[in-house]
Amino acid sequence: MRNENLEARMHRSLTKPMTWGGLPRNVFLLFVVIAILIFILLRHTIGVAIIINGIAWFGCKYATTKDPQFFDIIWNHIKNDKGMYKAE
């Protein structure tokens, strides 16, 4: 028994996390910065930077497709200095 008067359309961006290239924005931008640093500071060819970041990108994209909030949980764990099971 559905009441059609109580339904509302929602934009997809309200229910799914925003991603760039399949990764959260902050992780994607971190990979871009790391690629630039490898290329400029370590004086390697751009191919080395692309290969290193490509492997890391595929791993992170796999984790994001399995659980879209994977990196949110990681960031919250890093910020929480008490830990999950420590006494208060």
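The values are calculated or read from the model by the stated rules, or taken from the named source; none is laboratory data. In this text the structure is predicted, and so the values were computed from the model without any measurement. Reconstructed Cβ throughout: ideal geometry from the backbone, glycine too, with neighbour counts over all protein chains shown.
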(1) exposed (fewer than 13 other Cβ atoms within 10 Å of the Cβ); (2) of a type outside the set (Asp, Glu); (3) on the phi > 0 side of the Ramachandran plot: which one isn't true of Gly22, the others all being true? (1)
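Can you go through Arg2, Arg43 and tell me which one is loosely packed, with under 10 Cβ neighbours inside 10 Å, free of Cβ contacts under 8 Å to residues at least 40 places away in the same chain and at positive phi?
Numbers: Arg2 fails: at positive phi.
Of Arg2, Arg43, the one residue that is loosely packed, with under 10 Cβ neighbours inside 10 Å, free of Cβ contacts under 8 Å to residues at least 40 places away in the same chain and at positive phi is Arg43.
Filter region 46-74 down to the residues that are among the hydroxyl-bearing types (Ser, Thr, Tyr) and in contact (Cβ under 8 Å) with a residue 24 or more places away in the chain, then identify the one that is farthest from Arg25 (Cα to Cα). So that I can check it myself, show each step before the final result.
Residues of region 46-74 that are among the hydroxyl-bearing types (Ser, Thr, Tyr), as a first pass: 62, 64-65.
Narrowing the set further to residues that are in contact (Cβ under 8 Å) with a residue 24 or more places away in the chain leaves 64-65.
Numbers: Thr64: 12, Thr65: 15 Å.
Across region 46-74, the extreme among qualifying residues is Thr65.
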Selection from region 25-35 of residues free of Cβ contacts under 8 Å to residues at least 12 places away in the same chain and exposed (fewer than 12 other Cβ atoms within 10 Å of the Cβ) yields Val33
Scan region 47-61 residue by residue and report those that are surrounded by 16 or more Cβ atoms within 10 Å (Cβ to Cβ) and farther than 16 Å from Leu23 by Cα. Ala49
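Need a quick list: helices (runs of 4 or more DSSP H) entirely within the chain having at least 1 residues that are among the small types (Gly, Ala, Ser) and modelled with pLDDT of 85 or more.
Numbers: elements: 25-41, 46-66, 70-79.
The qualifying helices (runs of 4 or more DSSP H) are 46-66.
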